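Engineer: Structure incoming, see below.
The values are calculated or read from the model by the stated rules, or taken from the named source; none is laboratory data. What you are looking at is a predicted structure, and each value in this text was computed from that prediction instead of being measured. Glycine gets a Cβ as well: all are built from the backbone with ideal geometry, and neighbour counts include every protein chain shown. The area values use the complete protein model at the heavy-atom level, side chains included, leaving out ligands, DNA and RNA. Shrake-Rupley method; radii C 1.70, N 1.55, O 1.52, S 1.80 Å.
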Amino acid sequence: MDRIRIVGGQRLSGTIPISGAKNATLPLMIASLLTEETLTLDNVPRLADVVLLQRILGNHGVDIMVSGKRSGMTADHGQTLHISAANIVDTTAPYELVSKMRASFWVIAPLVARMGQARVSMPGGCAIGTRPVDLLIMAIERLGAKIDIDGGYVVAQAPKGLKGAEIAFPKVTVGGTHTAMMAATLADGTTVIENAAREPEIADVADCLNKMGARISGAGTSRIVVEGVAKLNGARHAVLPDRIETGTYAMAVAMAGGDIFLQNARPELLQAALDVLVETGATVAPTNRGIRVARNGAGLAPVDVTTAPFPAFPTDLQAQLMALMTRAHGTSRITETVFENRFMHVQELARLGARIQLEGERATIEGVERLKGAQVMATDLRASVSLVIAALAAEGETIVNRVYHLDRGFERLEEKLARCGAAIERLSG
Ligand code: EPU
């Protein structure tokens, strides 16, 4: 298993290109199941989760072609996927595949909407909490599908097609909103989704679906209206930039010191996080081509932050902010309200010398003068990258084990940081 070796203490300077968003790419790829025509996606990041979803879709009979290199293109440009679900040969998503990636459960929506049936394994538990799918099932059921649970599988049936309905989510859910929106595109009549998630990835998927002929309005607000159509067509869509990757590198430079340009980053996708960075003492300067982030000399000020659905501070940046606050001058508080158990990074940060106390959903971080390198490992993607951030400012060598978590969601992380002066390398095997 690969590991990453970091020697802390180097400032960062230069440009980091921001990739396409993982959490938009995955539902966009799944949306290809809604049409027999080809969906072409540009700016797709090279990530382990994308490869895994290619396999999962392949099992349903989807053909995916990855465009070869084009002149003038470098690894900094995303890939282009041509996805064709002309013939869906299997409407079952098996446990072996769904259990590896929770978002693959979302295939239930396009499968039942287009094929009238789907049999999808329940995703099971996960390192960041129980993460149920009850609200996703509720949404499909509201649209008229008959649901049975059989041997760990959710079996959805709608032989005569889905029917538009009102779906009011009791809790904001990104996956629930994607599921409801995708399924409703092919339903008969109008669907209104209340208390919808407002994450930018929802609006990006809605944009693409509209290019495919769907009639969706209000995506990006908490009320989405979908007028069902009989058929969707192919389209071409470029994935929006990854706001979590953006925030992660912004925190990395705040931690290590230096001056970085985050190319292609869009400030409006992570304003709450940028505001917090400014509060810590970092300089944040948006331009029309990206965001410049710098911290020179001065220490970090502590903050009090609560995660919540967009547009609030994202749970997917909580671990990274906590890493940053381990070196603040004073005591910070971070409250996690989205997932009940997303603190797996705390004990690993402690191995580097961080002082963090946990009490229910709240972490209290007492800033320390210095961190010291150690062997660490983490059990989820964002927790792993928080260890990289801490290591950039830790004295001596840190080895981050189980790098495959990082590869699920960060494209060429070590290369992007090394190019900016970080002492970071991948150790194979
Ligand atoms: N929830 C339920 N019932 C459901 C669905 C969700 O109770 O049926 C709860 C969850 O347990 C959680 C809350 O609702 O407490 C929000 O979960 P949500 O459904 O919004 O999360 P998700 O769709 O499973 C996506 C991202 C996550 C990100 C969350 C929150 C993708 C592929 N995943 O997950 O990303 O943390 O939204 O923004 O888009 C990551 O990228 O590392 C990651 C975990």
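Engineer: Can you work out ³J(HN,Hα) from phi for every residue in segment 370-382, in order, using Karplus 6.51 cos²θ - 1.76 cosθ + 1.60 and θ = phi - 60°, giving whole Hz and x for Gly and Pro?
Structural biologist: Each residue's phi maps through the Karplus curve to give 8, 9, 10, x, 7, 7, 9, 7, 9, 10, 8, 4, 6 Hz.
Engineer: Reachable aspartates and glutamates from Lys372, Cα under 13 Å, same-chain residues fewer than 8 places away excluded?
Structural biologist: The qualifying aspartates and glutamates are Glu348, Glu395, Glu397.
Engineer: Here is a further query. Within the set Lys211/Lys231; Lys22/Lys416; Lys100/Lys146; Lys163/Lys231; Lys146/Lys211, which residue pairs have Cα atoms separated by over 22 Å? List each step's numbers first, then the result.
Structural biologist: Values: Lys211/Lys231 12 Å; Lys22/Lys416 17 Å; Lys100/Lys146 26 Å; Lys163/Lys231 14 Å; Lys146/Lys211 30 Å.
Pairs exceeding 22 Å: Lys100/Lys146; Lys146/Lys211.
Engineer: Using label points projected 7 Å from each Cα along Cα→Cβ, tell me how many nm separate Ser67 and Ser428, to one decimal.
Structural biologist: With each label placed 7 Å out from Cα toward Cβ, I get 2.9 nm.
Engineer: Right, here's the next one. Rolling a 1.4 angstrom probe over the protein heavy atoms, how many square angstrom per residue are accessible across the chain? Write out the running numbers ahead of the final one.
Structural biologist: Values: 16510 Å² over 429 residues.
Heavy-atom SASA per residue in the chain reads 38 Å².
Engineer: Which of Met377, Pro159, Ala206 sits closest to the plus end of the dipole of the chain, meaning its Cα is farthest towards the positive end, when Lys and Arg get +1 and Asp and Glu get -1 on the C-beta?
Structural biologist: Positive-end residue among those listed: Met377.
Engineer: Hey, another quick one. Give the distance, in whole Å, between the Cα centre of segment 89-124 and the Cα centre of segment 288-335.
Structural biologist: Rounded to whole Å, the Cα centres lie 36 Å apart.
Engineer: Glu141: accessible area at probe 1.4 Å, nearest 10 Å²?
Structural biologist: Taking all protein chains as shown, Glu141 has close to 100 Å².
Engineer: Going by amide H atoms built from the backbone, whose H comes under 5 Å of the H on Leu371, apart from near neighbours?
Structural biologist: Those lying under 5 Å, H to H, from Leu371 are Glu395.
Engineer: Here is a further query. Normalise the Debye intensity by I(0) for segment 139-261, one equal point scatterer per Cα, no solvent, then take log10 at q = 0.10, 0.18, 0.19 Å⁻¹ and round to two decimals.
Structural biologist: -0.40, -0.93, -1.00
Engineer: Farthest toward the dipole's positive end in segment 1-48, which of Ser19, Val7, Leu39, given Cβ charges of +1 (Lys, Arg) and -1 (Asp, Glu) about the Cα centre?
Structural biologist: After comparing all options, I get Val7.
Engineer: Taking every pair of Cα atoms in the chain, average 1/r, invert it to obtain the Kirkwood radius, and report Rg/Rh to two decimals.
Structural biologist: 0.98
Engineer: Then there's this: Which one, Ala206, Ala75, Ala354, has the greatest fluctuation when you compute a Gaussian network model over the chain with C-alpha springs under 10 angstrom?
Structural biologist: Fluctuation is largest for Ala75.
Engineer: Another one. Straight-line reach from Lys160: which aspartates and glutamates have Cα under 13 Å away, leaving out those fewer than 8 places along the same chain?
Structural biologist: Asp188
Engineer: Shifting gears a bit: Over the chain, what is the relative contact order in percent, taking alpha-carbon pairs closer than 8 angstrom and at least six residues apart? Let's see the in-between values first.
Structural biologist: Details: 1082 pairs, mean separation 90.2, N = 429.
After rounding, I find 21 percent.
Engineer: Also: In degrees from 0 to 90, rounded to the nearest 10, what is the angle of the helix 200-211 Cα long axis to the longest principal axis of the chain?
Structural biologist: The angle comes out near 40 degrees.
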